[in-house]
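> Below is one structure. I have some questions about it.
Derivation of every value follows stated rules applied to the coordinates shown; laboratory data play no part. This one's a predicted model, so the numbers in the text were calculated from it and none came from an experiment. Neighbour counts are summed over all protein chains in view; Cβ atoms, including those assigned to glycine, are modelled from backbone coordinates with ideal geometry.
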Amino acid sequence: MGIFDLMLRRKHSPMIGLDISSSSAKLVELGQTADGQILLERFASEPFEKGWITDGQIEKFDEVAAALRRVVARSGTSARDAALAMPQSAVITKKIVLPAGLREEMLELQVEAEADQYIPFPLDEVSLDFYVIGPCPTSPGDVDVLIAASRKDRVQDRQGLAEAAGLHPVILDIESHAARRAMGRLIAKLPDGGKGALVALFEIGSETTSLKVLHDEDMVFDRDQAFGGAQLTLLISRQYGFSFAEAEQKKLANELPLDFGALVLKPFVDSLAQEVGRALQYFFTSTPYHQVDWVMLAGGTAALTGLSERITAETGFACKVVNPFADMVFGPAVREAKLQREAPAYLTACGLAMRRFFR
């Protein structure tokens, strides 16, 4: 689902997924082979400086727009249609039940009437969209409908950024929905097609880690916590006397002193595994669930050496690092060694790019 389809686009026209987080922009372009397999055409990223985007709010518009132009140029894509996403915190969602078979105009009127009860802003100040999920399992003859709304100024900021970068924003999704779309392919490869599996997805960002617990097609839990990869950068800076920017650059380039693993990385991995364990315990005490089938890790910090094994030791649950491009065909522009290092960071961008295959 894309909550705000900003304009009509040509069916099957090339489209990129562009994930704009607080720390970077990540771009993915997907295509299809003649026999229907998903083809990874291009991927690229561009870092942001601290403070350019804070809590999903764009603070330095020109700087972010320039970074988006660089990531588009670096990727080599010729596509200009783009799917972007809003942070979950900027979107209000509500599932409602409506009679099945309503005409489009009547459905829109019903959605607006329902939305007025749940949205704490005048409707003329928000962008409102809805998605018919399907038949309501508890009310025959009705359908479940998901309402999504965001303040117009937040929507226009994302739209304006894309346009300033020379792109045509055609879809504005929700970050968590895009991540779930990409996860759907991966969960389907679990035993029994993932049916009935309870999957705890940790997306480890720069400043924040989100825990989403997925069960079949539903997200049964969603919570953010204030820990992430920037804490490792800060530890590197303090240990070796680098500036924060220099520490980040050396971390990404794997150009750190020989004692980094023992002095900095191992204690950080231990601490991160403990944070994951605490997050799961909070989930268990807040819900009827008492265990998960899988812990999965995404984000730029997910692939740290020893992290998945340490989490299994800490929690007792099987843990794996996600690769949203698993079983895809790679185009000639894809550098596979770079992809293997960075793939977990592209989960949301991949989910956005998958919108190319949906109207």
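> Report the net charge of residues surrounding Gln57, where surrounding means a beta-carbon distance below 9 angstrom and charges are Lys +1, Arg +1, Asp -1, Glu -1.
Net of charged neighbours comes to -2.
> Same structure, new question: Would region 64-124 count as rounded, prolate or oblate if I go by the C-alpha gyration tensor, calling it rounded below 1.5 in a/c and otherwise prolate when a/b exceeds b/c, oblate otherwise?
It comes out prolate by the Cα gyration axes.
> Can you give me the Kirkwood hydrodynamic radius for region 11-101, using every pair of distinct Cα atoms, in Å to one decimal?
That comes to 15.2 Å for region 11-101.
> Normalising by the residue count of the chain, find the relative contact order in percent from Cα pairs under 8 Å and 6+ residues apart.
RCO, the chain: 22 percent.
> Run through the DSSP bridge list for the chain and note the antiparallel percent, rounded to the nearest 5.
70 percent
> Can you compute the radius of gyration and Dmax for the chain, using only the Cα atoms, both in Å?
Cα only, the chain: 20.7, 66 Å (Rg, Dmax).
> Where in the chain are the DSSP H helices whose alpha-carbon span along the long axis reaches 20 Å or more and whose Kyte-Doolittle mean is at least -0.5?
Answer set is 61-75, 266-286.
> If amide H atoms are built 1.01 Å from N in the plane of the peptide, which residues on other chains or at least 5 residues away come under 5 Å of the amide H of Cys319?
Placed amide hydrogens put Val295 under 5 Å from Cys319.
> Assign one of three labels to region 190-321, namely rounded, prolate or oblate, based on the Cα gyration tensor with a ≥ b ≥ c the square roots of its eigenvalues; rounded applies when a/c is under 1.5, prolate when it is not and a/b is larger than b/c, and oblate otherwise.
prolate
> Continuing with this model, one more query. Taking a cut-off of 16 Å between Cα atoms, list the lysines near Lys189, but don't count ones fewer than 8 places away on the same chain.
Lys320
> When the helix-only estimate is applied to the chain (DSSP H runs of n ≥ 4, each -39,500 (n - 2.57), divided by the residue count), what is the mean residue ellipticity at 222 nm, nearest 500 deg cm²/dmol?
So the helix-based figure for the chain works out to -10500 deg cm²/dmol.
> Continuing with this model, one more query. Where a ≥ b ≥ c are the square roots of the eigenvalues of the C-alpha gyration tensor, would you call region 67-199 rounded, which needs a/c under 1.5, or, failing that, prolate if a/b is larger than b/c, or oblate?
Here region 67-199 falls in the oblate category.
> Within 13 Å, Cβ to Cβ, of Lys189, how many net charges do the neighbouring residues add up to if Lys/Arg are +1 and Asp/Glu are -1?
Overall, the nearby charge balance is +1.
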